[in-house]
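J.: Sharing a structure below in structure tokens format, with a few things to ask.
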Amino acid sequence: MKEIVFLLILGIIACSSVIPVQDIYYNGEYDLSQDYSEEINAYGFRLPVIPGDQMDIEIKIKKEDTFNFDGLVYAYTANPSDEDIQNYGGTQITRVSENMYNEGDYTVYYKTFQVPQGIQYFAVYAVYSAYQLHSYIHVRINLSRYKYSYIKDLPFNTNYEFDTSIFGTGIIPYNYGIFMRLPINRDTIEIQLETRKAYAENAFKVDVCEFDHLPTSSEVYFGINAKKCFMNLQNTSTENLKYKYPFSSEENVNYISICVTNQNEDLSYIKTNIYKEVSPGTGSAEKNNFSKILLGLLFLILI
């Protein structure tokens, strides 16, 4: 029965208009409602992938709407053109059973896929057999439960406890990457990690990449367009349950991305803090100026 439905879907696609193709990246989300129409039955997404990576390919709609989509994935050994994707030129990946979960006022339908060895790109398709009005449809490539966290934009000197509830066991997977991004200006910083259980000195792999611009999520995940990357920073902490990785940014660097990779089998808690020593000079000067203004006002009142 599933094979018949799939053939019907492909038959409808063949009679429809040219498939629109969009680029999408790891943990990326695309608002499909801006393109969704009765004239087009399928939408294609070009996704660069890394062999071995596991991901949920998701379609998110409002809870009150009826789900009328199917998700297909085709694999390519090189970057496919729009025409390749429109003609289903790759190799179809075996489809995984459909699952769903609630996210606020929305329902997320997803299928889990793994990238075969030798594959560099996926073509992801969202297709429907019968048009139904939707005001909200998002396509999302979600790796946050498997290998890569969403990118957290952090200010300096702020504690960030990573949410482990997204994992069924509450344990962060081995070789899982926690990504952070923040602005920087020739600063000397310290990437501080804290756990609730003692681990080895090399319990974490910490990498930093420098950018002269605000890096997009694809640049952070794939390490492209960085001015320079520093791999395997050294842990200098001698304190129990704490890990410290000093780093100094170079000239003409405006942003950095940080990846903390878990090297433990049972990590259930981690807190991060990107520490930068705040110079007291600026704050003291502002206080002194404010005090001078108050004294001047009092003097004018008295005379």
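J.: Within the bounds of region 256-264, is there any residue that is of a type outside the set (V, I, T), without any contact (Cβ under 8 Å) to a residue 60 or more places away in the chain and in the same structural domain as T158 (by TED's automatic domain parsing)?
T.: Scanning region 256-264 turns up no residue that is of a type outside the set (V, I, T), without any contact (Cβ under 8 Å) to a residue 60 or more places away in the chain and in the same structural domain as T158 (by TED's automatic domain parsing).
J.: May I pose another question? Would you point out which residue out of I50, I4 is out of contact with any Leu (no Cβ under 6 Å at 6 or more places or on another chain), more than 27 Å from F167 (Cβ to Cβ), β-branched (V, I, T) and at pLDDT below 95?
T.: On the way: I50 fails: more than 27 Å from F167 (Cβ to Cβ).
Exactly one residue qualifies, and that residue is I4.
J.: I'd like to know if region 85-92 contains one or more residues that are of a type in the set (A, V, I, L, M) and either assigned to a loop (DSSP other than H, G, I, E, B) or touching a Leu at 6+ places or on another chain (Cβ under 7 Å) (or both). Before the answer, list the steps.
T.: First pass over region 85-92, keeping only residues of a type in the set (A, V, I, L, M): 85.
When the remaining residues are screened for being either assigned to a loop (DSSP other than H, G, I, E, B) or touching a Leu at 6+ places or on another chain (Cβ under 7 Å) (or both), the result is none.
No, that holds for no residue.
J.: Restricting attention to region 25-53, which residues are closer than 18 Å to N79 by Cα, aliphatic (A, V, I, L, M) and touching a helix residue (DSSP H, G or I) at 6+ places or on another chain (Cβ under 9 Å)?
T.: I50
J.: Taking G44, is it buried (at least 17 other Cβ atoms within 10 Å of the Cβ), at pLDDT below 95, out of contact with any Ser or Thr (no Cβ under 9 Å at 6 or more places or on another chain) and not basic (K, R)?
T.: On the way: buried (at least 17 other Cβ atoms within 10 Å of the Cβ): yes; at pLDDT below 95: no; out of contact with any Ser or Thr (no Cβ under 9 Å at 6 or more places or on another chain): yes; not basic (K, R): yes.
Judged against the criteria, G44 is not a match.
J.: Identify the single condition in (1) in contact with a Phe, Trp or Tyr (Cβ under 6 Å, 6 or more places away or on another chain); (2) within 20 Å of N27 (Cβ to Cβ); (3) surrounded by fewer than 18 Cβ atoms within 10 Å (Cβ to Cβ) that V208 does not satisfy, given that it satisfies every other one.
T.: (3)
J.: A further question follows. Before we move on, is E98 over 20 Å from Q22 (Cβ atoms) and loosely packed, with under 13 Cβ neighbours inside 10 Å? First the steps, then the outcome.
T.: Values: over 20 Å from Q22 (Cβ atoms): yes; loosely packed, with under 13 Cβ neighbours inside 10 Å: no.
Spelling it out, it is not the case that E98 is over 20 Å from Q22 (Cβ atoms) and loosely packed, with under 13 Cβ neighbours inside 10 Å.
J.: Could you give me the residue pairs with C-beta distances under 6 Å whose first residue belongs to region 198-217 and is closer than 18 Å to I270 by Cα, whose second residue is assigned to a loop (DSSP other than H, G, I, E, B) and hydrophobic (A, V, I, L, M, F, W, C) wherever it lies, and which are 6+ apart or on separate chains?
T.: Filtered contacts from region 198-217: V206/L233; D207/M231.
J.: Right, something else. Which residue out of N175, N142 is surrounded by fewer than 16 Cβ atoms within 10 Å (Cβ to Cβ), within 30 Å of L72 (Cα to Cα) and either under 16 Å from the mean Cα position of the chain (by Cα) or free of Cβ contacts under 8 Å to residues at least 60 places away in the same chain (or both)?
T.: Working: N142 fails: surrounded by fewer than 16 Cβ atoms within 10 Å (Cβ to Cβ).
None of the other options fit; the residue is N175.
J.: I would also like to ask the following. At pLDDT 95 or above, more than 22 Å from Y30 (Cα to Cα) and under 16 Å from the mean Cα position of the chain (by Cα): which single residue out of L182, L193 fits that description?
T.: Working: L193 fails: under 16 Å from the mean Cα position of the chain (by Cα).
Answer to the selection: L182.
J.: Which ones in region 94-111 are among the hydroxyl-bearing types (S, T, Y) and either outside any loop (DSSP other than H, G, I, E, B) or in contact (Cβ under 8 Å) with a residue 40 or more places away in the chain (or both)?
T.: Here is the first cut: in region 94-111, the residues among the hydroxyl-bearing types (S, T, Y) are 94, 97, 101, 106-107, 109-110.
Those that are among the hydroxyl-bearing types (S, T, Y) and either outside any loop (DSSP other than H, G, I, E, B) or in contact (Cβ under 8 Å) with a residue 40 or more places away in the chain (or both): Y101, Y106, T107, Y109, Y110.
The values are calculated or read from the model by the stated rules, or taken from the named source; none is laboratory data. Owing to the predicted nature of the structure, the values given are computational and were not obtained by experimental measurement. Ideal geometry is used to build each Cβ from the backbone, glycine not excepted, and the neighbour counts take in all protein chains shown.
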